[in-house]
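The values are calculated or read from the model by the stated rules, or taken from the named source; none is laboratory data. In this text the structure is predicted, and so the values were computed from the model without any measurement. Glycine gets a Cβ as well: all are built from the backbone with ideal geometry, and neighbour counts include every protein chain shown. Note: areas computed on protein heavy atoms with side chains; ligands, DNA, RNA excluded. Shrake-Rupley method; radii C 1.70, N 1.55, O 1.52, S 1.80 Å.
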Amino acid sequence: FQKHEFFVDMTCEGCSNAVTRVLQKLGGVQFDIDLPNKKVCIDSEHNVDTLLETLKKTGKSASYIGEKSA
């Protein structure tokens with residue numbers, strides 16, 4: 001799978017929990033949330049658009065940073 005890095009405007013545990021919820025609901029993803037740096041690194045077969053739409057469901061502003069080399 002390709003690793004993708006996203007910026008998500010998370011300010012607290014609640015925000016990161018919301019991200020966790022939407023990603024688990026989507027399924028087929030492994031991810032790491034870096035709350036202090038407001039980054040979410042996702043390992044998935046889903047395309048970037050799908051992942052970004054999913055992250056935006058949290059109501060937070062989200063943007064694609066780029067591919068992360070393994």
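At R0 = 22 Å, how high is the FRET efficiency between Arg21 and Ser69 if r is their beta carbon distance? Nearest 0.05 is fine.
The pair Arg21/Ser69 has a calculated efficiency of 0.20.
Rounded to the nearest 500 deg cm²/dmol, what is the calculated helix-only ellipticity per residue at 222 nm for the chain, with -39500 (n - 2.57) per DSSP H run of length n ≥ 4?
When only DSSP H runs of four or more count, the value is -10000 deg cm²/dmol.
Quick one, can you get me the convex hull of the C-alpha atoms of the chain expressed as volume per residue in Å³?
It is 72 Å³ per residue.
Counting heavy atoms of the protein chains only and a 1.4 Å probe, report the per residue accessible area for segment 2-68 as a whole number of Å².
Heavy-atom SASA per residue in segment 2-68 reads 56 Å².
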